[in-house]
Amino acid sequence: MSEEKILVRYESKDGIGTITLDDPPANTYTYEMMRQLDEAILTARMDDDAHVIMLTGNGEKFFSAGANIGMLNTVTPRFKYFFCLHANLTLNRLEQTPKLTVAALNGHTVGGGLEIAMACDIRIARKDGGKTGLPEVTLGVLPGTGGTQRLCRIVGKSQAIELMTTGKTFSFEEAAGMGIVNYIYESEGFMDQVRSYCQ
């Protein structure tokens, strides 16, 4: 039996529990990654040395591009249902974690990637780091992991419907103007700046 690939890494240092989505280049999530993310969230919750939880993606191009479309194209409708159900439960657990959660958007954050980020309390993006949005409609599906509700709460119903039905992607700077992104930090030394914020 082969050893399970590590797709989510957890590190605790200087009061920050860092969860890294680790399947570059796009850090798309499968059921296996969501299970590991769920476990990392629980680990961070119980870590008395971590006062803040920070989520990010491995690499400089993507925070996460959302669900792994290749995986979704090979599974049954029943599997998709339970996959989405578990992903929703995982992001609810993240959202309801008593500790402050910060998403460090180091690169493109689209689809399910933005849904993960919106489950965090605060979103900090890298300047000129990429695009964001919920473009699922271009694939013939709706945002399946809480994006419909969380985006409405952040930008309001009308704008959320517009963004989801057009599938528009936009810059982090535009996202900051809508309130989706809280802060934009310079590209150089981005992760160090986010860690300083978390401390």
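Any chance the range 155-169 includes a residue that's in contact (Cβ under 8 Å) with a residue 60 or more places away in the chain, outside any loop (DSSP other than H, G, I, E, B) and open to solvent by less than 30 Å² (accessible area, probe 1.4 Å)?
no
Taking the stated definitions as given, is T90 part of a helix (DSSP H, G or I) and under 12 Å from the mean Cα position of the chain (by Cα)?
When the stated conditions are applied, T90 passes them.
Conditions first: (1) hydroxyl-bearing (S, T, Y); (2) assigned to a helix (DSSP H, G or I); (3) out of contact with any Gly (no Cβ under 8 Å at 6 or more places or on another chain). T43 passes all but one, so which condition is the exception?
Condition (3) is where T43 drops out.
When you check G17 against the structure, is it small (G, A, S), under 24 Å from A176 (Cβ atoms) and either open to solvent by less than 20 Å² (accessible area, probe 1.4 Å) or at pLDDT 95 or above (or both), yes or no?
So G17 fails the test.
Regarding G129, is this residue within 19 Å of N88 (Cβ to Cβ) and assigned to a loop (DSSP other than H, G, I, E, B)?
So G129 fails the test.
Determine which single condition G59 fails, assuming it passes every other condition in (1) out of contact with any strand residue (DSSP E or B) (no Cβ under 7 Å at 6 or more places or on another chain); (2) within 18 Å of R126 (Cβ to Cβ); (3) open to solvent by 70 Å² or more (accessible area, probe 1.4 Å).
Result: G59 fails condition (3) only.
The values are calculated or read from the model by the stated rules, or taken from the named source; none is laboratory data. Quantities reported herein were computed from a predicted structural model and do not represent experimental measurements. FYI the Cβ positions are ideal-geometry reconstructions off the backbone, even for glycines, and counts take in every protein chain you see. Ligands, DNA and RNA are stripped out before the accessible areas are found, and what is left, the full protein with its side chains, is counted by its heavy atoms. Shrake-Rupley method; radii C 1.70, N 1.55, O 1.52, S 1.80 Å.
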